[in-house]
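Take a look at the structure set out below.
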Amino acid sequence: MASIFLESERRLRVSAAEARAVLVRSLRAHEFTVTAELVSSISAKRGSQITGAVQPKKLPVTVNATFQTGDPGCVVTITIADAWRSVGGKVWGMNGPYRTLIEQVQRDLDETLAPLAEAGSGFVIGPVSTSTRDVGVLSQSNVALGHAGTAAAEKVGGLLDRSSGPTPKSLEEVILKSPKGITSFDRGAVDGLLAVALLISRKPGSMPANLSRDVETFSTRLEAAIATQPQGRLVLDLTDGEVPVVEFLAKQSEIRGQLPLRTLQICTTCKLEKVENPDFKKLQERNRRKQVLTGAVGATVSPRGVNPFIILGSLARLKNFDIEFVCPRCQGLDADTSLVTYCPQCGERRDEAVLKKCPKCNHNFGAAAHANAELWSPEAPALPRAPSPALPGLPVAVLANPPGWYTDVMGRHEHRYWDGASWTAHVSNRGVQAHDPV
C-alpha cells in the first residue's frame, strides 16, 4: 500500500487510445518499465530500494494511469506513488525526497501530454499526499497517523492493486449472460479477450469506427468489473449491443490461439524492424538461470564454510541486467512493440489487429478449426434452494431420476443439471450458473 502519492486529472482532446500510446512512450523514455497495459489503464514502475537508498532520483516509484472516453477526447487520471516496501507498509523519513521525485515525474509526463491538452485546460500539479507527517527538514515520520492520510493511502493502494497486472489469479471464471444465452470464460480466456481488445485499441483503423468504439467500451466495463470483484466467479449481464462485441472478441481470440505468436519491435530512431519469439526468450532466460544456480553450488562451499560474498554475487546474477531492446543498426534503446503472426498458408506476416483474410493468398482465418464453435448455450432451470441429492453410482442408461440439479459426479463443480436422460453442460457453483461441456 502506497503512503506517499500524487493524483492528477488531465483532460485531452485526443482519443484514449492515442493518449495511452503517447503516455507509454513517455514512460519508457523516462526509464519506466510498463508492467501492465489494458484498454482502460497503464501501470509502470521505476527504481529500486537498493539504489534509491543512496540516490533519491532512483527511489522506487509507480505510475498508474486510467482513461475515460469523453465527447470528444478523453480524461486521464494519473497516480504517482512510492513503491517502498517495509514492515507496516509505510515509508519512514522519506516524505521530502519522495515529494520532490513524484512532482518531477508529473512534470515530465505533463510535458509530453501538454500538446494534447483540451483547449483552456491548464495542467496544475496539486500537493503530494502523505500518510505520515514531516518533522522539520529531516522529513521524518510521526507515529501518529491522521485519519485523512490513512484513508488517502488506502484509496491509492486499492487503485494500484486493482490495475497492477493482467487478470488476477484469484479470478476463477467470468460468466456472461445475454439474451442469446449464457457463456463462460476462465481466467486465461478472459486475458485473451482483453488482449484482442488492446490490439484493436492500438490500431483502431483496422475496423469500422463504431465497432472499435464498442469494443473499447465493453472491455473497459469488463476491466472495471474484474477490478471490483477480482476473485471467484464474476457474473456480468450483457446488453443486446454487447453480444456481437463478445462474439467478435471470442472469435478473434480463438483464431490467434491457433497461430504462432511473435513480437514486432520497431526502433523509434531508425525504424528498423525486429521480430522476436517470446517463447524463445523465455527458454533462454530459464537456461541462463539454471546455469547460474548450477555454477554457484560448487564455488560457494569451502572447508571454512559457505562464502556469503560469492552467494550474494551468484544471486545478483539471477537478475537479467540485459537491456530489453538494442537496435542492431543504430543502437537505439527504445522501440514500439506490437503482436504479429503469420499466415499458415503462405507464411506472410500479418500485422493487423483483426484477422479476416490474408490479402496475399486469401486464406480465411475465420474458417479455422473451432473458430466458429457455438458460443452461447441456453440457461438451465433455476437452481432449487435445496439441491437434490447426488445420483447413485449406476450407469446413466438405467437411471430414472427426474430432471433437476444434482451433485456433479465429475467433481468439477458443485452441481450439474440432469435432463432426465443424460448429464448436460449446465453447471452451478454457489448458485451461479455456468457452461461446462461433459
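If Val128, Val438 are ordered by their accessible area, calculated over protein heavy atoms with a 1.4 Å probe, which sequence runs from highest to lowest?
The ordering from most to least exposed comes out as Val438, Val128.
Out of residues 5 or more away from Val235 or on other chains, whose amide H comes under 5 Å of its own, with H placed 1.01 Å from N in the peptide plane?
Close amide H contacts, sequence-distant or interchain: Ile175.
How much accessible area does Glu254 have with a 1.4 Å probe, in Å² rounded to the nearest 10?
Only protein atoms counted, so the area is about 70 Å².
Calculate the dipole size of region 1-81 relative to its Cα centre from +1 charges on Lys and Arg beta carbons and -1 charges on Asp and Glu beta carbons; express the result in debye to the nearest 20.
It works out to roughly 280 debye.
Could you give me the ³J(HN,Hα) list for region 21-30, computed from phi with Karplus coefficients 6.51, -1.76, 1.60 and θ = phi - 60°, whole Hz, x at Gly and Pro?
4, 5, 5, 4, 5, 5, 4, 5, 5, 9
Distance in nm between label sites at Thr263 and Arg107, each 7 Å beyond Cα in the beta-carbon direction?
Simple spin-label model gives 3.2 nm for this pair.
Accessible surface of Phe280 in the full protein assembly, 1.4 angstrom probe, to the nearest 10 Å²?
110 Å²
Arrange the residues Trp84, Trp376 by how much accessible surface each exposes, largest first, with a 1.4 angstrom probe.
Trp84, Trp376
Grab the alpha carbons of region 22-78, take their convex hull, and tell me the volume per residue in Å³.
In region 22-78, the Cα convex hull volume per residue is 72 Å³.
Near the amide H of His415, under 5 Å away, which other amide H atoms are found, from residues 5 or more places off or on another chain, if H is placed in the peptide plane?
Asp408, Ser428
Just how large is the dipole of region 167-216 about the Cα centre, in debye to the nearest 20, putting +1 at every Lys and Arg Cβ and -1 at every Asp and Glu Cβ?
Charge dipole of region 167-216: 160 debye, to the nearest 20.
The values are calculated or read from the model by the stated rules, or taken from the named source; none is laboratory data. On a predicted model such as this, the values are computed, not experimentally measured, just so you know. All Cβ positions, glycine included, derive from the backbone under ideal geometry; neighbour counts span all protein chains shown. The accessibility values were calculated without ligands, DNA or RNA, using every heavy atom of the protein model including side chains. Shrake-Rupley method; radii C 1.70, N 1.55, O 1.52, S 1.80 Å.
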